[in-house]
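Here's the structure, in structure tokens; my notes come after.
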Amino acid sequence: MVDLTIPAEMLPKDGRFGSGPSKVRPEALARLAAIGDGLLGTSHRQDRVRGQVARFQEGCRQLFALPDDYEVVLAVGGATAFWDSLAACVVETCARHYVFGEFSGKFATVTQRAPWLDDPDVVASDPGGAPDPSPADADVQALTHNETSTGVMQPIGRVDDALVVVDGTSAAGGIEVDPSDVDIYYFSLQKGFAAEGGLVAAFMSPAAIARVEQVRRSERHIPTFLDLTEAITNSRKAQTYNTPSVSTVVLAAEQLDWMLATFGTLEGVADHQRVKAAAMYGWAESRPWATPFVTDPTRRSPMVATIDLADEISADQVNDILRNHGVLDTDGYRKLGRNQLRVAMFPAIDASDLDAYRVCVDWVVEQLG
Ligand SMILES: *Cc1c(COP(=O)(O)O)cnc(C)c1O
């Protein structure tokens with residue numbers, strides 16, 4: 001272990017660069033502390049907490065410019081539980097999956113293992129790229145807007161009559177999406193929404209809701225916790241079927257209001273993300289010992305940057321030194337197994353802190369060299 005002390009004035013003000021859980025804005029946390037006494041520990045069936053849920057739902061409608069007939073559904077369990085819900089309540093017979101990293105792969109495994117479904121139709125690509133959606137003989141097209149494990153974006157759109165179901169977990173709130181291109185857009189709240197884990201939000205089109213009702217009428221057994229009919233009915237009353245983390249709801253609502261107040265629209269947030277991303281990838285391209293992992297610039301994520309380091313510089317060593325200084329969680333995705341930095345640039349993460357991050361990496365690399 002090399003013992004290096006990064007000069008304090010170089011360090012970012014906030015050292016949280018993890019891709020999930022990700023930085024919670026201190027202002028949002030302070031707000032939670034200020035209003036929390038009246039909310040935490042109170043019934044999620046009463047108006048106070050339901051008001052926060054409704055505030056979140058309303059904020060989503062505004063930021064994403066959702067069509068009036070789309071519903072904002074909330075469910076406990078995060079994106080991982082939602083995959084099981086999709087397999088139980090939305091996929092009729094067969095799903096088309098695009099596998100280009102850890103998270104897209106995990107959902108494909110869920111439908112693969114579901115004995116009531118046909119084997120999924122899987123199109124895979126090497127990590128670092130993403131397959132384009134293409135027509136399939138399936139009733140669900142399962143897309144991943146931003147593959148968090150590799151920092152790759154997938155284009156979103158309709159290619160056939162199947163329901164378009166998009167994992168937007170690390171994209172939501174920072175990458176543009178046209179809701180009318182999508183039937184279900186779902187995301188956990190501990191990434192772009194700068195809240196905590198355990199809750200999933202899903203925008204659902206009338207066709208998606210009709211599919212849930214149709215599957216519900218079939219013979220299929222649906223465990224209650226996974227039943228999207230329960231999630232939909234409760235969300236209409238600004239509730240969840242079982243008890244949510246109230247602090248997560250409040251933090252996500254705070255983040256939404258902050259995004260709306262600061263950037264106005266989703267396009268406004270996305271512009272801000274593009275500026276931060278251009279600085280990050282430009283930096284990587286300008287250093288002889290760094291390269292953006294994603295070769296196609298149009299697929300590079302503005303939310304999570306993956307940067308390969310030259311063999312002679314150990315990303316583990318760089319990350320260890322950074323961690324000792326409170327600059328946290330920029331390790332590459334472990335299963336990808338590359339000599340890589342993975343840096344979250346979510347809306348809550350300040351451009352100036354990303355600047356400082358790069359100054360620190362430059363400094364460490366120079367000292368190690
Ligand atoms: C983090 C992540 C998930 C898993 O979210 P959980 O809340 O941990 O279930 C799923 N998909 C993507 C794209 C993610 O980034």
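A few points about this structure:
- Relative to the Cα centre, the charge distribution of the chain, modelled as +1 at Lys and Arg Cβ and -1 at Asp and Glu Cβ, gives a dipole magnitude of about 900 debye.
- Extended-chain gain in nm, criterion 0.36 nm per residue less alpha-carbon gap, THR93 and GLU176: 26.9 nm
- Its residue count N fixes a reference of 2.2 N^0.38 Å for the range 230-369, and the Cα radius of gyration divided by that reference is 1.28.
- Farthest toward the positive end of the dipole of the chain, out of TRP258, TRP116, ALA8, is the Cα of TRP258, where the dipole comes from beta carbon charges about the Cα centre.
- Loop GluC sites (Glu not before Pro), the range 248-348 (other Cβ atoms within 10 Å of the site Cβ: 14 or fewer; DSSP): GLU312
- Each residue, ASN242 and ARG158, gets one label point 7 Å from its Cα in the Cβ direction; the gap between the two is 3.6 nm.
- Sequence-separation-based contact order of the chain, relative, with Cα cut under 8 Å and 6+ spacing, percent: 25 percent
- In terms of its Cα atoms, the range 57-137 spans 37, 31, 24 Å along the principal axes, sorted from long to short.
- Set LYS13/LYS106; LYS13/LYS237; LYS13/LYS191 screened for pairs whose C-alpha atoms are more than 31 Å apart: LYS13/LYS106; LYS13/LYS237
- Along the range 51-65 the Karplus relation, 6.51 cos²θ - 1.76 cosθ + 1.60 evaluated at θ = phi - 60°, assigns HN-Hα couplings of x, 5, 4, 5, 4, 5, 4, 5, x, 4, 4, 6, 4, 8, 6 Hz to successive residues, with x for each Gly and Pro.
- Positive end of the dipole of the range 13-99 (Cβ unit charges, origin at the Cα centre): among ALA81, TYR70, HIS97, the Cα lying farthest that way belongs to ALA81.
- Length released on extending from GLN112 to LYS335, taking residue separation times 0.36 nm less the Cα-Cα span: 78.2 nm
- Of all beta bridges that DSSP places with both ends in the chain, some 60 percent have antiparallel geometry.
- Taking 1.567 mPa s as the viscosity and 4 °C as the temperature, the Stokes-Einstein diffusion coefficient of the range 139-256 based on its alpha-carbon Kirkwood radius rounds to 85 µm²/s.
- Across the range 239-256, computed HN-Hα scalar couplings (Karplus, 6.51 cos²θ - 1.76 cosθ + 1.60, θ = phi - 60°) run 9, 10, 4, 10, 5, x, 7, 5, 5, 5, 4, 5, 4, 5, 5, 4, 5, 4 Hz from first to last residue, x flagging Gly and Pro.
- Per residue convex hull volume, Cα atoms of the chain, in Å³: 134 Å³
- With DNA, RNA and ligands ignored, accessible area of THR243 (1.4 Å probe; Å², nearest 10): 90 Å²
- The range 21-65 versus the range 226-296: alpha-carbon centroid distance in Å: 15 Å
- Value of D in µm² per second that Stokes-Einstein yields for the range 103-191, Kirkwood Rh from Cα pairs, at 37 °C (0.692 mPa s): 242 µm²/s
- Computed E for ASP355/GLU219 - FRET, C-beta separation, R0 51 angstrom, nearest 0.05: 0.30
The values are calculated or read from the model by the stated rules, or taken from the named source; none is laboratory data. The shown structure was predicted, so the numbers you read here are calculated from the model rather than taken from an experiment. Glycine gets a Cβ as well: all are built from the backbone with ideal geometry, and neighbour counts include every protein chain shown. Note: accessible area is taken over every heavy atom of the protein model, side chains too, but ligands, DNA and RNA are not part of it. Shrake-Rupley method; radii C 1.70, N 1.55, O 1.52, S 1.80 Å.
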